[in-house]
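Only one structure is covered here, and it is reproduced in the block below.
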Amino acid sequence: MKMNPQKNKSRRKIALSAIIVVVIIAGWIYRAQSANPLTHALSIEWIDNQFPEKIDEELNPNPTTDTQSWTILPFGYTLGPWPVFFQGEPIVMNLTYQKGPPKKFIQYLVQDWRPAEIELTLEGPRTLDRSLTASAWKKCFGSQFSCRSDKKKFLTYAYPEWLKNPDIPIQATWFESLDPLAARGVHFHLNAGTYSVDRYTVITDRGALQNFSLKYVNTPVGESAKTLFTRIMGGMKVKDALSGSRLWIQNKIETVNLDQIRSIPDPKLRMMKLIQVQNWIFSLLSVDPTQVAPFFHLAGVTHLLAMDLLKANTRSFESQEAWILNSKPLLETLIKYANDFESTPAHQAAIKNMEALLQDFLLTQERMTGAKK
């Protein structure tokens, strides 16, 4: 029987096309797996856990770039040293609204170390699987082939940007220190050319995960920020209970006397004190999102700082304009969070007061802007 040459040719084309498709798919899968930072056994990165010396000193209104003051603050399940300044400028915190409190942690807090250049994001804790402790995760990441589904789940939380763009060249290591109470987990590093990202996913003994992510420009100032960030992570302690951290930061806040701060004659020191109190309240919100009062207090402190910034005759800090721009969205965000709590007459009165603070800021900003023209 004679075969139809045309039919044989068509079959060969179909077979060849099928092989090409299979090769392309296999190559794509291999490339994706190879690029995945968690498909390989992670090497261990040891971090120096030396604790800073200058903790909670009196604020210096003229800090220098070569000295660093620290304060101890809790964020989620961590408690550790946080810098008060960066390159001589106070570190200011911010947040945007996302549904969470009073039932869940605030998802994101942001520290502006240098507007548009250096930003540190602190994410709220999340538990993917209660059976996976820090030791279990370490064992998982120490193997190339085991617990692949868990690794994918971990990456979905810890670095979701990679899932959207698998071509991102991310490096990953398992970090820890000799201190058994220190932070440990996975350290991701991304170099995107003009900027880099260092993200530490801290894992508690009970398996809660928490991201700390520094995005910085690839300049000497950015490298300085990275060095400082590594010191933060090295000094950080991790707890599985929040009660001690809540008490720690509540005691700090109870020492605040806003009338005394408002009476400080030096406008630069007064702004620094208000920023310090702001950061303390942000810290409290990260460990206790169940109370509405801190949102009210944060709105009040933010309004005081905004008024000082608007009425300042001279510029005390390079970042003042950026702080002013953040005042309106921050006050609006705090009002949104406050509205998520159970409504009572006192609660509604407090929200109206927050709205009045926002309107006062907007009117003052409009008046001051008009006066400068």
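Look at residue 96 and say whether it is more than 22 Å from residue 293 (Cβ to Cβ) and either assigned to a loop (DSSP other than H, G, I, E, B) or in contact (Cβ under 8 Å) with a residue 12 or more places away in the chain (or both).
Values: more than 22 Å from residue 293 (Cβ to Cβ): no; either assigned to a loop (DSSP other than H, G, I, E, B) or in contact (Cβ under 8 Å) with a residue 12 or more places away in the chain (or both): yes.
Taking the combined requirement at face value, the residue does not satisfy it.
Quick check, is residue 131 surrounded by fewer than 15 Cβ atoms within 10 Å (Cβ to Cβ), modelled with pLDDT under 90, small (Gly, Ala, Ser) and in contact with a Gly (Cβ under 8 Å, 6 or more places away or on another chain)? Please lay out each step first, then the result.
Numbers: surrounded by fewer than 15 Cβ atoms within 10 Å (Cβ to Cβ): yes; modelled with pLDDT under 90: yes; small (Gly, Ala, Ser): yes; in contact with a Gly (Cβ under 8 Å, 6 or more places away or on another chain): yes.
Here the answer is yes, as residue 131 does meet what is asked.
As a summary of the residue check, residue 222 satisfies the conditions (1) within 30 Å of residue 130 (Cβ to Cβ); (2) part of a helix (DSSP H, G or I); (3) assigned by TED's automatic domain parsing to the domain that holds residue 107 except for the one numbered (1).
Residues in the range 134-177 that are within 17 Å of residue 43 (Cβ to Cβ), outside any helix (DSSP H, G or I) and among the hydrophobic types (A, V, I, L, M, F, W, C): 145, 170, 172, 174, 175. Of the residues making up the range 99-113, those that are crowded, with 19+ Cβ neighbours inside 10 Å and either modelled with pLDDT under 95 or closer than 15 Å to residue 295 by Cα (or both) are 101, 105, 106, 109. Could you tell me whether the range 355-369 includes any residue that is touching a Phe, Trp or Tyr at 6+ places or on another chain (Cβ under 7 Å) and surrounded by 12 or more Cβ atoms within 10 Å (Cβ to Cβ)? No, that holds for no residue.
Is there a residue being at pLDDT 70 or above and either in contact with an Asp or Glu (Cβ under 7 Å, 6 or more places away or on another chain) or closer than 30 Å to residue 147 by Cα (or both) anywhere in the range 30-37?
First, pick out the residues of the range 30-37 that are at pLDDT 70 or above: 36-37.
Next, only the ones that are either in contact with an Asp or Glu (Cβ under 7 Å, 6 or more places away or on another chain) or closer than 30 Å to residue 147 by Cα (or both) stay: 36-37.
Yes, the range 30-37 has at least one match.
Identify all residues within the range 295-313 that are part of a helix (DSSP H, G or I) and farther than 19 Å from residue 354 by Cβ; write none if there are none.
Within the range 295-313, the first condition is being part of a helix (DSSP H, G or I), and the residues that meet it are 295-311.
Passing the criteria: only 311.
Residue 170 meets all of the listed conditions (1) at pLDDT 90 or above; (2) buried (at least 19 other Cβ atoms within 10 Å of the Cβ) but one, namely (1). Scanning the range 247-290 for residues that are over 15 Å from residue 58 (Cβ atoms), in contact (Cβ under 8 Å) with a residue 60 or more places away in the chain and in a helix (DSSP H, G or I) yields a total of 11.
Only residues that are more than 28 Å from the chain's Cα centre (by Cα) and assigned to a helix (DSSP H, G or I): list them for the range 314-354, please. Result: 345, 346, 347, 348, 349, 350, 352, 353. Figure legend. Inter-residue proximity from the range 66-77: first residues without any contact (Cβ under 8 Å) to a residue 40 or more places away in the chain, second residues in a strand (DSSP E or B), beta-carbon distance below 9 Å, spacing 6+ or different chains. Indicated pairs: 67/85; 69/55; 69/83; 69/85; 70/55; 70/81; 70/82; 70/83.
The values are calculated or read from the model by the stated rules, or taken from the named source; none is laboratory data. In this text, all values refer to a predicted model and were calculated from it rather than measured experimentally. We place every Cβ from the backbone using ideal geometry, glycine too, and count neighbours over all the protein chains shown.
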